Amino acid sequence: MAAIRGVFSSNFGFIMAAAGSAVGLGNIWGFPTQAASNGGAAFLLMYLVLAFCLAYPAFMAEILIGRYGQANAVSSLQKIANNAWQKKFAITVGLMGLIGASLILSFYSIVAGWMMAHTIEPIAVVVNMPNIAHWLTDFSVSRNLVFTAVFTLFTMFIISKGVENGIEKWSKRLMPFMLLILVLLIIYVLTLDGAKAGVIAYLSPDLSRIFEPNLLLNALGQAFFSLSLGSGVMIIYGSYIAKKENIVSLGAYVTCIDVGIAFLSGLLIIPAMYVAQAQGVEIFNQQGQLLSEDTLVFTVLPHLFTQMGSVGLLCAFAFFALMSVASLTSSISLLEAPVSYVVERFNVSRKRSTIVVSVVIFLISTLIITNFSTLFGLVITISTQYSQPIVAMLCCVFVGWIWHRNSVLNELKQGDITVENSFFWKVWPWYTKLVCPIAITAVFIHKFV
Ligand code: PFF
């Protein structure tokens, strides 16, 4: 028997869950990495503009589709369709989103597994188990498989508990905890020698780079990944918001939290790199750019932690715990998207659906781990650079071109009777109809042609 549909019990619950999905490795790792290699504050500035002007309207489109449809991504899109071909189109777009979410989760849980292994490593050092400590940080198939499996089990546990007792409850616990660790780490790092140079490098924009096409592409891609767009995730989360809630302001809160945490993460990572430099660690590559991506997280920062002695062990533990928690609140949303579809489409229990979907995704992760050099980058490219922007754009097309304007307005009015006279209603319909689809297509064409 299918379960009764869940609903978020409060605004705070939704905000924590949606912000939990949005805030993840993309913010704490991806954003500072991108900022480091794209001119620091120049990237930050364009990221802010694109997140609010393009990603937020697209985010609102997805939440609204879900709230209207009160169902998984495929069924919600179908409810907007007016005729047979539009319904087929809706099924295609919805399924593309769910497949995209599953592929993202298949690589995301591998990376999250690395974070968990690195969280445990300082403990292995303290209890004097050097072999285990080495295994935990060494890149091996066994370590990757074990920790992907452990991380998948955590994700499954939360999702099997449902919307209120699983997603909402755990997001409400984990998000404040994550913010606390982040703030404590920032405060600590800013007291260290060299941090000031990092803050200056992060916050003084190299204005000559602001309109560089690559910077814009990276900032837009980062904003879409960060707000979890084009994966059906925000459609399903939107479907759990009660009709009386004002989703325009809920969406704005989530966007602000997401952008705010990306900003704070930059304030941790970039100064930490300069602290590492002050302690003799190499932080620039041969072209004179700041080291980024995996080198930053798995070489520069651990090097810094090692130099710091026993305080470094504590910092390493806190930093990787922060990364693990941030990944978990995102991965639960990625699993919820396909799980809710299977529950509603095939009328099976949430537990059974969680097990079946997780096993399939874990098998894909296993395939990636055992063919790492060929598949890891490929799956990331397909899911985040192709699938996410295309599905996000098509959701805007649904709202702008297929869904009747009056019906859109009525849906919005349920939570805010005055919305018709608001700035949002004057601007947003045009954004979803024209600006978002054109901008996303332009970025896409520029990237691949
Ligand atoms: N927003 C998450 C991050 O920034 O790490 C990643 C993500 C979660 C992408 C959920 C897509 C998604 F559907």
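The values are calculated or read from the model by the stated rules, or taken from the named source; none is laboratory data. Keep in mind that what you see is a predicted model, and the values were worked out from it rather than measured. In this analysis, Cβ positions are derived from the backbone assuming ideal geometry, glycine residues included, and neighbour counts consider all displayed protein chains.
Does Gly230 count as touching a residue at least 24 places away in the same chain (Cβ under 8 Å), part of a loop (DSSP other than H, G, I, E, B) and either among the polar types (S, T, N, Q) or under 18 Å from Cys53 (Cβ atoms) (or both)? Criteria met by Gly230. Filtering the range 271-330 to residues that are in contact (Cβ under 8 Å) with a residue 12 or more places away in the chain and of a type in the set (Gly, Ala, Ser) leaves Ala272, Ala276, Ala278, Gly280, Ser292, Ala316, Ala318, Ala321, Ser324, Ala326, Ser327, Ser330. Go through the range 199-221 residue by residue and tally those that are in contact (Cβ under 8 Å) with a residue 12 or more places away in the chain, surrounded by fewer than 14 Cβ atoms within 10 Å (Cβ to Cβ) and within 22 Å of Gln385 (Cβ to Cβ). Going through the range 199-221 one residue at a time, the tally reaches 2. For the range 268-299, a residue qualifies if it is closer than 26 Å to Phe225 by Cα and crowded, with 21+ Cβ neighbours inside 10 Å, and the qualifying residues are Leu268, Ile269, Ile270, Pro271, Ala272, Met273, Leu290, Ser292, Leu296, Val297. Counting residues in the range 238-259 that are over 15 Å from the mean Cα position of the chain (by Cα) and within 14 Å of the ligand (Cβ to nearest atom) gives one or more.
Applying the selection to the range 113-136, what residues are crowded, with 21+ Cβ neighbours inside 10 Å and aromatic (Phe, Trp, Tyr)? Hit for the range 113-136 is Trp114, nothing else.
How many residues does the range 328-364 hold that are within 16 Å of the ligand (Cβ to nearest atom) and more than 21 Å from Gly20 (Cβ to Cβ)?
Restricting attention to the range 328-364, the residues satisfying the condition of being within 16 Å of the ligand (Cβ to nearest atom) are 328-341, 357-358, 361, 364.
Remaining after also requiring more than 21 Å from Gly20 (Cβ to Cβ): 364.
Final tally of qualifying residues: 1.
For every residue, the table says whether it meets (1) modelled with pLDDT of 95 or more; (2) closer than 21 Å to Ile236 by Cβ.
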{"site": "Arg345", "(1), (2)": "yes, yes"}
{"site": "Ser353", "(1), (2)": "yes, yes"}
{"site": "Ser365", "(1), (2)": "yes, no"}
{"site": "Gln385", "(1), (2)": "no, no"}
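Is it the case that Phe8 is part of a loop (DSSP other than H, G, I, E, B) and either out of contact with any Ser or Thr (no Cβ under 8 Å at 6 or more places or on another chain) or of a type in the set (Asp, Glu) (or both)? The answer is yes for Phe8. For the residues Lys88, Lys172, the requirement of being within 30 Å of Glu411 (Cα to Cα), free of Cβ contacts under 8 Å to residues at least 12 places away in the same chain and surrounded by fewer than 22 Cβ atoms within 10 Å (Cβ to Cβ) singles out Lys88. If you check Leu180, Leu153 for being part of a helix (DSSP H, G or I) and either at pLDDT below 95 or closer than 28 Å to Ile355 by Cβ (or both), only one passes: Leu153. Looking only at residues of the range 19-55 that are part of a loop (DSSP other than H, G, I, E, B) and within 15 Å of the ligand (Cβ to nearest atom), we find that the one that is surrounded by the fewest Cβ atoms within 10 Å (Cβ to Cβ) is Gly24. Counting residues in the range 267-275 that are under 16 Å from the mean Cα position of the chain (by Cα) and within 16 Å of the ligand (Cβ to nearest atom) gives zero.
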